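Below is one structure; the comments refer to it alone.
The values are calculated or read from the model by the stated rules, or taken from the named source; none is laboratory data. For clarity, every value in this text was computed on a predicted model and none was experimentally measured. Cβ atoms come from the backbone with ideal geometry, glycine included; neighbour counts cover every protein chain shown.
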Amino acid sequence: MKKIFAELGKFHNFIAISVLVVLSISLLRMQSLANPELSPPECRVKKWDIPMPLTSEKQNAPVQQAKPVLIQRTPVTCCEDDASCVDEVLYGKVSDKKALLTAIDRSLQYLQTQAAASAYQNYQVSGISRDRVLKSLQRFREILLKTNSPTELHQAIEREFIYYQSVGKDNKGAVLFTAYYEPLYAASRVPTAEYRYPVYRLPPDINSWPKPHPTRLQLEGADGLQGAKGKLRGLELFWFRDRLEPYMVQIQGSAKLQLTDGTQTSIGYAGNTGYNYKSVGRELANDGKLPLEGMTMPIILDYFQKHPQELNIYIPRDRSFVFFQENHGEPAQGSINVPLTAERSIATDKSLMPPGALALIRASIPFVNSTGSMEERIISRYVLDQDTGGAIKGAGRVDYFLGTGKIPGDRAGVTVSNGQLFYLLLK
């Protein structure tokens, strides 16, 4: 899922996540989600943070080089009956093991390419190489197939693997998690009175465009309808009914389309202009239209439904612009050019994190419960690092891919929590 607003190159789609939530947000402390009255101190979320002695050692070390973004530590020992410590859905009534195996195989495919060899050639973390990542993934796959419970899997990992934990945004391991998804929209191959708002192909001459590139306002106008008068003329790919929809596709970096002729297709990231993404949600907060604290994508969408005329004010403030290609129904792809797997793919800053690698994430994620409402649960999930995004910068950001359609979109829109990120490598 070529995630949005990436820097020049094959970046993506995408933010996580969604980057939608990054349009906002007052960040929740993950520690606040743990109930100290229900769990003993040694089992609380805080134990997943980087241990103080490790951070102290790094802080007291001679300043000779940049601080590492990943710190070695032993796996976290699970407390008895702590379901959030293990990836319990791998062995549940509806097993998620097949999806994880699919994501693993896609990363294994990538790790054997020349692109992977180039990506790891100068990787900055000592001890992490393409060969070690590849062998770690192969061994994890073997263990996953042989084990019969989440506890058995976790114990095997404790014996054979080392965790490399992200230092996070505070050098103590706190990582901000958001989520992203692939929307499903109605669209048309031709403009009509109803379908007026286009997305565009990558201009074939974009490499010759003078810099700074034209802004979003210069390319499509304040109302999103002026592209045919300038550089975007003839590059229209599909048309949408709503001003906000093509912009949301740019945020997510891909979309499934239900066309007016009854067929379906998909579009994915093809390129972008040379601007960083600017948060529409933060702009609304800066103008006093919405409070920053507690802001989520549903709140932002509700505001624009009530004030549609303000789309022409706030969308143009984001100078960045994303181009697309038709993918003819192919799954959303990540920045390492493999299809993404719902709940098993993440996006990180690929200038820092190991592409294609096996990771363990721990965060509070919203789920739809039996009554149809959202509830948050602290979970541990094994995932593959297969994507990136222009809003996903630094060691303290992860975007979690939730899948395609309305429910993943609803969940992505309210996903925001502090958690931890670990990469698993063989001893």
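Numerical summary
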quantity: Selection status of Leu232, surrounded by fewer than 19 Cβ atoms within 10 Å (Cβ to Cβ) and not acidic (Asp, Glu); calculated: no
quantity: Test: residue in segment 413-423 that is assigned to a helix (DSSP H, G or I) and touching a Pro at 6+ places or on another chain (Cβ under 6 Å); calculated: yes
quantity: Filter result for Asp287 (among the acidic types (Asp, Glu), surrounded by fewer than 16 Cβ atoms within 10 Å (Cβ to Cβ), closer than 30 Å to Thr215 by Cβ and modelled with pLDDT under 95); calculated: no
quantity: Ile128 out of contact with any Gly (no Cβ under 7 Å at 6 or more places or on another chain), outside any helix (DSSP H, G or I) and more than 30 Å from Asp410 (Cβ to Cβ); calculated: yes
quantity: Among the candidates Ala285, Ala255, residue that is within 27 Å of the chain's Cα centre (by Cα), part of a strand (DSSP E or B) and of a type in the set (Gly, Ala, Ser); calculated: Ala255
quantity: Residue, surrounded by the most Cβ atoms within 10 Å (Cβ to Cβ), within segment 195-229, restricted to residues that are of a type in the set (Gly, Ala, Ser) and out of contact with any strand residue (DSSP E or B) (no Cβ under 7 Å at 6 or more places or on another chain); calculated: Gly221
quantity: Subset of segment 290-316 [surrounded by 13 or more Cβ atoms within 10 Å (Cβ to Cβ) and of a type outside the set (A, V, I, L, M, F, W, C)]; calculated: Thr296, Pro298, Tyr303, His307, Glu310, Asn312, Tyr314, Pro316
quantity: Search result, residues across segment 336-381 that are part of a loop (DSSP other than H, G, I, E, B), over 18 Å from Gly173 (Cβ atoms) and of a type in the set (Ser, Thr, Tyr); calculated: Thr341, Ser351, Ser370, Thr371, Ser373
quantity: Search result, residues across segment 86-124 that are surrounded by fewer than 17 Cβ atoms within 10 Å (Cβ to Cβ), at pLDDT below 95 and not in a helix (DSSP H, G or I); calculated: Gly92, Lys93, Val94, Ser95, Asn122, Tyr123, Gln124
quantity: The listed residue being surrounded by fewer than 16 Cβ atoms within 10 Å (Cβ to Cβ), touching a residue at least 60 places away in the same chain (Cβ under 8 Å) and over 29 Å from Tyr123 (Cβ atoms), out of Gly372, Gly405; calculated: Gly405
quantity: In segment 234-252, residue farthest from the chain's Cα centre (by Cα) [restricted to those that are aliphatic (A, V, I, L, M) and outside any strand (DSSP E or B)]; calculated: Leu235
quantity: Some residue of segment 182-193 being assigned to a helix (DSSP H, G or I) and either without any contact (Cβ under 8 Å) to a residue 24 or more places away in the chain or in the same structural domain as Gln264 (by TED's automatic domain parsing) (or both); calculated: no
quantity: Some residue of segment 396-407 being assigned by TED's automatic domain parsing to the domain that holds Val125, assigned to a helix (DSSP H, G or I) and of a type outside the set (S, T, N, Q); calculated: yes
